[in-house]
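First up is the structure itself, then whatever we jot down about it.
Every read-out reported here was derived from the displayed coordinates using simple, explicitly stated rules and does not represent laboratory data. Since the structure is predicted, the reported quantities are computational estimates derived from the model, not experimental observations. Because the Cβ atoms are built from the backbone with ideal geometry, glycine has one as well, and the counts that use them run over all protein chains shown.
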Amino acid sequence: MFLIRSMEHTKVKMRTHAANSLTLLNISFGIIAIILVVRGYTHTSQLFIFLAAFSDRFDGMLARKLNTESDFGKQLDSLCDLVSFGIAPAILIYQTAFHNIPDIGLVFITVYILCGAIRLARFNVKEFDGAFYGIPITAAGIILTFFSFFVPILSVLFFGMITAILSILMVSNIRIPKM
């Protein structure tokens, strides 16, 4: 009897932690992306940001499928998203596009990260009605990372504009239906 109860308890714990494990994989990829870009491995850093997005895509789906959604998981997901799609893409753009204008670049990426944090905090306290308000930080981070492939051919002015636009869109009240 004890063994059966213990096995059931273990199965429940494994189900509970499956989605959170994917979320932690997301932040792990984000941290690796940051370290890689600082060390000069830009393309590998870009890959890890995309891997973080892939992981982020499935953690919520897994939690819903296993019926293990929780406030803890929601908060953890937001913290991980800030690292992987706020800080990592910002440092990537700072190191690649803004390296010749470090002070101005610092302002752009700081505003981007702050807007991402505000976006996530707002999402966590609002009741979900089937839509996002403002572009999700994951989308903003993927867009910024995508454009980082074009640093050699796009101007620093473009990167200032796209960073500013994404920052504004994250904190905007534009209603975006969840797909």
Positive-pole candidate from G60, F29, I49, dipole of region 13-68, charges at beta carbon: G60
Between helix 2-38 and the chain: long-axis angle, C-alpha atoms, 0 to 90°, nearest 10: 10 degrees
Relative exposure of E127, E69, judged by other C-beta atoms within 10 Å (fewest first): E127, E69
Within the chain, helix-based [θ] at 222 nm, where runs of 4 or more DSSP H residues each add -39,500 (n - 2.57), nearest 500: -25500 deg cm²/dmol
For region 50-101, radius of gyration divided by Kirkwood radius, i.e. Rg to Rh on alpha-carbons: 1.17
Lysine pair count for the chain [Cα-Cα under 23 Å; pairs on different chains or 8 or more apart]: 10
Of every Cα-Cα pair in region 13-59, the percent that sits beyond 11 Å: 60 percent
Residues S70, S55, S84 arranged by fewest to most Cβ contacts within 10 Å: S70, S55, S84
Nearest-ten-degree value, helix 137-148 long axis tilted from longest Cα axis of the chain: 40 degrees
On Cα atoms only, tilt of 71-81 relative to the major axis of the chain in degrees: 30 degrees
Calculated diffusion of the chain, Stokes-Einstein form, Kirkwood radius summed over Cα pairs, 25 °C and 0.890 mPa s, µm²/s: 144 µm²/s
Relative contact order of the chain, pairs being alpha-carbon contacts under 8 Å that are 6 or more residues apart, as %: 23 percent
